[in-house]
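Participant: Sending over a structure as structure tokens; questions will come in a sec.
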Ligand SMILES: NC(=O)c1ccc[n+]([C@@H]2O[C@H](COP(=O)([O-])OP(=O)(O)OC[C@H]3O[C@@H](n4cnc5c(N)ncnc54)[C@H](O)[C@@H]3O)[C@@H](O)[C@H]2O)c1
């Protein structure tokens with residue numbers, strides 16, 4: 001095995017001291033790890049999830065005045081209220097991270113309209129609705145701010161059985177680029193992070209299946225799935241002033257997997273959820 005660099009081996013810096021952050025999908029996996037990392041770097045965090053108990057658990061794990069917000073990212077009223085609650089608690093919104101998402105796996109010809117709409121609703125419309133509410137607050141308060149959206153390697157890399165997910169994530173990338181253009185003059189940066197296979201509940205079934213796991217690991221030059229902390233480290237960079245001149249870009253955090261072919265549906269098994 002190659003030597004593995006672990007984000008927690010780095011002494012925590014305080015790049016985000018005092019900044020106010022809102023993170024969606026905060027109750028699990030990547031979103032939870034982002035909350036913990038941004039808090040370690042000194043940010044005050046509003047943890048948003050449609051699962052109220054999970055949002056509360058993340059906020060409790062952070063402690064020190066972290067907010068828990070129960071909201072559906074695809075609901076404009078919910079997101080408007082969430083942004084207002086964050087700004088009311090912390091006086092402003094400096095950092096927004098849109099990590100909420102759902103996966104679904106079915107061949108194109110078998111994908112129901114209901115599944116298509118659900119994936120697009122959460123993964124793409126959810127980012128639009130969130131980003132719009134966040135950007136309005138950031139414009140109103142003035143000064144520098146940053147929005148980071150979680151896309152996926154599947155934004156660029158087609159996967160059999162992942163039509164809705166791939167289309168939604170490609171949309172997230174392009175939405176972020178348009179937003180970066182429109183918001184640059186107001187000092188608001190917008191970037192995306194594209195994780196590869198990451199060890200979270202979303203892909204637990206896939207990783208527990210030896211055949212599917214092997215198919216993915218064969219495809220990852222760094223020979224392991226990402227840990228949520230690997231993705232959170234990239235978000236912390238993009239949210240910080242170290243990335244002050246970065247906007248409109250996607251940073252793929254995938255162990256090199258997007259240089260290779262995506263595993264076929266036969267290798268992954270038709271039941272495997274999206275990565
Ligand atoms: N795990 C992977 O391999 C992987 C790879 C690439 C991209 N991603 C993306 O990373 C993001 C996080 O995924 P994860 O792996 O941590 O998944 P996860 O299932 O562990 O966490 C997703 C969280 O989003 C919340 N959520 C779902 N729908 C919501 C909604 N409508 N409103 C508010 N919250 C909602 C869930 O309750 C859950 O807490 C997603 O956008 C996913 O598409 C994951």
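Participant: If residue 65 satisfies every condition in (1) within 13 Å of the chain's Cα centre (by Cα); (2) modelled with pLDDT under 95 but one, which is the exception?
Facilitator: Against the list (1) within 13 Å of the chain's Cα centre (by Cα); (2) modelled with pLDDT under 95, residue 65 comes up short only on (1).
Participant: Still on this structure, I have one more. Any residue in the stretch 156-171 that is in contact with a strand residue (DSSP E or B) (Cβ under 8 Å, 6 or more places away or on another chain) and not in a helix (DSSP H, G or I)?
Facilitator: Yes.
Participant: Can I ask one more? Could you check the stretch 94-125 and list, in sequence order, the residues that are in contact with a strand residue (DSSP E or B) (Cβ under 7 Å, 6 or more places away or on another chain) and either at pLDDT below 95 or farther than 20 Å from residue 248 by Cβ (or both)? If you could, list the steps in order and put the result at the bottom.
Facilitator: Taking the stretch 94-125 and keeping what is in contact with a strand residue (DSSP E or B) (Cβ under 7 Å, 6 or more places away or on another chain), we get 94-101, 105, 115.
Once the filter is applied, which keeps residues that are in contact with a strand residue (DSSP E or B) (Cβ under 7 Å, 6 or more places away or on another chain) and either at pLDDT below 95 or farther than 20 Å from residue 248 by Cβ (or both), the stretch 94-125 yields 100, 101, 105, 115.
Participant: Sort out which residues of the stretch 172-207 are part of a loop (DSSP other than H, G, I, E, B) and either under 15 Å from the mean Cα position of the chain (by Cα) or within 16 Å of the ligand (Cβ to nearest atom) (or both), and write them in order of number. Lay out the reasoning, then the answer.
Facilitator: Taking the stretch 172-207 and keeping what is part of a loop (DSSP other than H, G, I, E, B), we get 187, 196-197, 199-200.
Correct list: 196, 197, 199, 200.
The values are calculated or read from the model by the stated rules, or taken from the named source; none is laboratory data. Fair warning: this is a prediction, and the values are worked out from it, not measured in the lab. Positions of Cβ are generated from backbone atoms using ideal geometry, with glycine treated the same way; all protein chains shown enter the neighbour counts.
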